[in-house]
Amino acid sequence: MRAVVAWSDKVPDRDGVKSVCYDIAFKPDGTQLVTGVGSRVLVYDAVDGDLLHSLKGHKDTVYCVAYSRDGKRFASGGADKTIIIWTHKAEGILKYSHNDAIQSLAYNPVTQQLASATAGDFGLWSPEQKSVAKHKVSSKILSMAWTNDGQYLALGQFNGNISIRDKGGSEKVLIERTAPIWTLCWNPSRDEAYDILAVGCWDGTLSFYQLSGIQVGKDKDMGFDPCSVSYFSNGEYICCGGTDKKVGLITKEGTRLTTIAERDSWVWCAKPRPKQNYVVVGCEDGTISMYQLIFSTVHGLYQDRYAYRDFMTDVIIQHLITEQKVRIKCRDYVKKIAVYKDRLAVQLPDRVIIYELSHDDAFDMHYRVSTKIQKRLDCNLLVVTSMHVILCQEKKLQLYSFDGVKEREWVLESVIRYIKVVGGPAGREGLLVGLKSGLILKIFIDNQFPIQLIKHTTSIRCLDLSASRGKLAVVDENTNVMVYDLLSKELLFEEKNANSVAWNTEMEEMFCFSGNGMLSIKTGSFPIHQQKLQGFVVGFKGSKIFCLHYVCMQTIDVPQSASLYRYLEKHDFATGYKVACLGVTESDWRMLAMEALQGMSLEIARKAFIRVRDMRYIELLNRIEQGRKTGQEDSLYLAEILAYQGRYQEAAKMYAKCNRVELAMEMFSDLRQFEEAKAWAEEYAKGKGDSTSVQELIHRQAEWSEEVNDYEAAADMYLKAKKYDRAIQIIGKNEWADKLLEVMRSLGKMETKALALCASFFRKWGNHQYAKETYIKLGDIKSLIGLHVESHKWDDAFVLLKTNSEYTDEVYLPYAKYLALNDKFDEARLAYKNAGRPDQSTFMLEQLTHNAVMENRFNDAAYYFWLLARECLDEVTNPPHALTEQDRRMLERFRDLYERAQVYYAYYFIYHCMDEPFHSVFPSTLLNIGRFLLCKFSERPEMPLGVSLAYVLHTLAKHGEALGAYKTARFAYNKLQSLKMPSGWHEQIDLACVITRSKPFSDKEDLLPVCYRCGTVNPLVNSHGDVCINCGAVFIRSFITFEHLPLVEFELERGISDTEAMQLLEMPPPRNNMLRAPQKHSRQQDGFTERVTDGHERLTFDDEPQEEMLMNMDDPFHQQMAVPHSSVVVDRNILRMLDRSEVLVRTWPCPALPNQYFRIMDPDLPLVIDEGGQFYEADEFELSMLEHGHSPFTRQSTKEKPNIGIVQ
């Protein structure tokens, strides 16, 4: 870097005031500068230094000036204690004063607020305010600076303190130092992580602080007292002037780089021009000078590695191929850089640092310090080799080892203009040197004597050797470029307008040069290829040219297409391939491959086709090479090459010339040019007498029509080629039903596969009639039945089933599923059974049962349980003496299901009455149902699913209380209180429980059941079950009113069969019948007993003997009834004496279950038994049948033949 004086001015003393330039301020756009010299305020043109205005307004020395950030006004202040605000047109608009001399001014960069400082205070003035807010300070203020955001103001004081205030004037941070703070400045860069304050202290140091007051780094010893510290616009550099009469350039970290200017007196102010490389300097002697800073490019290049200086102290190494960059922070002024292979040399002011790559990798970018030469070495050029550094000093070359030892020195006849390392063994590298005299030398660093290569007549500007070291390219001061043959010294090429030259490191015959904004590339003996290029060519590798434009290195990709085309014109495929390897487009590679293939240069063609990844041509090359080994002629392969290139007619003629017409036919058919293919096929058929090729072409044409989505034509072609399956697939895919019907009718019966395919499409479309016609034509009965089933044509399916019974499962199973889906469960069960799948029927019934319970349809659940029980009986076919284990399990399951059916049937009435506000069930019936269910629950280990004991007890309690059964009601309420009940019941139950306790602890007598076997009065609730507490006889209830019916069960004597028993019962009883109808009932009143016998009512007092019982003792049936807990067994005599109208027989549709016989104890009460074994009073049963149309328990319809017994 060097500094040049742009302009300078010296202000003479005026008005008896010494002309000293204490401060300078630039207008923000950099066009003008304002300075205070003596008592005047001077405005200069920053470009040429013309004095624009000399402003009078101050009466004493002007100490400080400041320009607002918007450039509309500036201010000045001085020893006269006055501050004047000026417009940018140099017109004074405002003046205000302090009590002391004005020491410093600073405009807020955001709010345009002006801060002014004196020895005792500082003021803050805004354009919109009329007054100035002043704040006292403890020490004289020497300098001020605002932060970039205008929020804080830093004050430098004489006592060494740095006070950081907010924009309201309040102190936020105090930094204490030991010497006056004459200058300070904030870094203007917004890229920094935090605000940095540079402080110049008169203890000879430069320091840096954060806004928080924390010091950044250590104090930098300047060796003088700094009077001015100012940042450049980008914040990377600082210019500093002071008592050493110099202006220095310093990095933002405080590293001194170089001296910008040396003056004859103290430098009071040095300010950079905004956004430009200019610095203005004001001195004690009144001189004002503008310096232009010229930063030279410090860089080095070797092949594809380029190193250059950045920010004066950093070195950046750039890999020109991968565009990777690495920054090395040297933290000192970088003077020279040199690169060679894995070495990097960096010259600093007092030492040379040698770096080396960490790994032996062409793309590695990790450098480490190898060694240091701790010497101050001055030179014009620096070159590094594997083991040495070479210093160039005018006419002298000095060779130093990495240890700092000077090993050799060459003194040349003229000034060295160009030097370059051209490679060689480590420690024996060669140097290419060009002198101002035109002499070109080659120096080996282990040899004391230079070797003369060429003696040119003009000063050398640039040199380069070819890859084989056989040719030398030279650019001289006259911008001529010349190429010499180093063996013969012959001039091979010469051209004008060149400023640099570079050989291609990968090809001997190619070099490039730049000049006049153009890039020229010379290959062999071919003409020059030119294109636009700005900058200097510094390297050429393959197809990449490295160009230095100002300080930026660019990598330019240059296709070698022009050179390639010229080599192809000469059929020099080998050299053309070398050029292509340097870098050409894919189309150029393809052209090379095609031209080499045409010229039968197969190896070059293969490499080129591999490069473009064209597998077709690679396979072609493989075939050609194999064919050549077998001795086939090249003309056949030339025809194939023509075909690959799209020259089909020429290829066909070549095939015909080789007597291979079939190959021409095959080529055109592959191209879908079927007319051409047919023409060649006909010609082939004439020669060979074979027409199969024409048929095959039709097939191919059909395939092609299908590929191009011409499905109708494809289908017709396939039909012509008798490819029926493909044709039908296309027709079916497009749903052409009528066309498919025509095809089906045209097919013969032997085309079963095609007909079946037609039928499948008809079925898919739901066209039942067409599918039926197809299956009839095929004679496929099974598929026809499946079609009817699929279409739900059940009648047609059953008609076919009559003559084809082997397909029963194919009809009945789908039929059963269809019925089940349509809620016809009974028919579905029958269909399952007809299909031989009773397990499916049972499974469906179990699902229905479970759903009914979960949905609280308890009447339906009872019916389904009854059906399940019936199915269990149907499974048992053996008599009692031959039962298997499976039969016993079925009977046990029957009893469980039958009992569940009874429970759910009875519970339905309770749930219905609890759930519905209105019902037609009598309270006495609900009371009987509750008693019946409690007895059933006592016999079961667990409650049935869905049945609520709380509902049953609540019904029993509620209706028992209403009918006078207070004891039963109290029992039910007590039980309810121990159960978990709905939340709304608690208060109601508690109240009802209290009320029942006020009632008598007894049940109404006419509610108490009487045993028709022993005559014992039983309680309403019996913990032993629904049996008599005295004799243990089971109570038989009506399944409508659930009243206790007058029935007594009896058994047949061993040896009497059911058939014989029925015959004896059917016989008329003898006249001397000893059997009499038992008493209907006996009821005790207060002191007497009422009895009804044979239709006569009798009233006896309690003290009279039991005359009636004595009379019944003549009846053998009654005699057995009197014995408790024993079965009544009748013999043949008793059976003969029993009237058939007095006996009900319960029969089961199962041989394993014997008939059950019951004697009606009240012949005047007609009773009925249904097919489910349940008993009813005849009148109630008939009324229910008329009302609902079926029996209550089994739901047998009135239209069906009844299976009931009625006794009237």
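The values are calculated or read from the model by the stated rules, or taken from the named source; none is laboratory data. These figures come from a predicted structure and were not determined experimentally. For neighbour counting, all protein chains shown are included, and Cβ atoms are generated from backbone atoms with ideal geometry for every residue, glycine included. Accessible surface areas use protein heavy atoms only, side chains included; no ligands, DNA or RNA. Shrake-Rupley method; radii C 1.70, N 1.55, O 1.52, S 1.80 Å.
Remarks
- For segment 531-602 versus segment 452-504, the gap between their alpha-carbon centres in whole angstrom: 23 Å
- Ranked packing of 879-889, 280-290, 344-354, 749-759, most packed first, by mean Cβ within 10 Å: 280-290, 344-354, 749-759, 879-889
- Annotation: amide H of Lys999 has no partner in the under-5 Å range at sequence separation 5 or more or interchain, hydrogens built in the peptide plane.
- Computed with a 1.4 Å probe on the full set of protein chains, the accessible area for Lys245 sits at about 80 Å².
- Protection proxy ranking of 996-1006, 381-391, by the mean of other Cβ atoms within 10 Å over each peptide's residues and highest first, is 381-391, 996-1006.
- Backbone HN-Hα couplings from phi across segment 238-243 [Karplus 6.51/-1.76/1.60, Hz, Gly and Pro as x]: 10, 9, 9, x, x, 6
- Dipole of segment 406-502, positive direction: furthest Cα of Val475, Val433, Leu465, with charges on the beta-carbon: Val433
- Rounded Å value of the spacing that divides the Cα centres of segment 136-199 and segment 372-420: 49 Å
- Residue-level accessible surface for Trp202, protein heavy atoms, 1.4 Å, Å²: 70 Å²
- Taking all protein chains into account, the per residue accessible area for segment 309-437 stands at 44 Å² (1.4 Å probe).
- Loop trypsin sites (Lys or Arg not before Pro), segment 98-146, which have at most 10 other Cβ atoms in a 10 Å radius of their Cβ (DSSP): Lys130
- Summed residue charge, Cβ within 14 Å of Ala759's Cβ, Lys/Arg positive, Asp/Glu negative: +3
- For segment 413-420, the Karplus equation 6.51 cos²θ - 1.76 cosθ + 1.60, evaluated at θ = phi - 60°, returns couplings of 7, 9, 5, 7, 9, 8, 9, 7 Hz by residue, with Gly and Pro reported as x.
- Solvent exposure, largest accessible area first (probe 1.4 Å, DNA, RNA and ligands not counted), of Thr1147, Thr968, Thr877, Thr87: Thr877, Thr1147, Thr87, Thr968
- Mean-position separation - Cα centroids, segment 251-286 and segment 72-88, in angstrom: 24 Å
- Counting charges near Ile373 (Lys, Arg +1; Asp, Glu -1) among other residues having Cβ under 12 Å from its Cβ returns a value of +3.
- In order along segment 726-735, phi translates into HN-Hα couplings of 5, 4, 5, 4, 5, 5, x, 4, 8, 6 Hz, rounded to whole numbers, per the Karplus curve 6.51 cos²θ - 1.76 cosθ + 1.60 with θ = phi - 60° and x for Gly and Pro.
- Length added when fully stretched, Val921-Glu1182, from 0.36 nm per residue minus Cα-Cα: 92.2 nm
- Neighbour net charge for Gln210 - beta-carbon separation under 11 angstrom, K R +1, D E -1: -2
- For the set His986, His549, His359, His98, solvent exposure ranked by accessible area (probe 1.4 Å, protein chains only) runs largest to smallest as His359, His986, His549, His98.
- The listed residues Cys1031, Cys185, once ranked by accessible area (1.4 Å probe) with the largest placed first, stand as Cys185, Cys1031.
- Cross-link pairs Lys372/Lys442; Lys336/Lys396; Lys218/Lys246; Lys72/Lys252; Lys396/Lys496 - those with Cα-Cα distance over 21 Å: Lys372/Lys442; Lys218/Lys246; Lys72/Lys252; Lys396/Lys496
- Computed accessible area, Asp990, all protein chains, 1.4 angstrom probe, square angstrom: 80 Å²
- Here segment 121-217 has 47 percent of its accessible surface on carbon and sulfur atoms, given a 1.4 Å probe and all protein chains in place.
- Interchain or long-range residues, amide H under 5 Å from Trp268's placed H: Gly282, Cys283, Glu284
- Accessible carbon and sulfur surface of segment 825-954 relative to its total accessible area, %, 1.4 Å: 51 percent
- Distance between the modelled labels on Asn277 and Gln847, one decimal in nanometres: 9.2 nm (7 Å Cα→Cβ projection).
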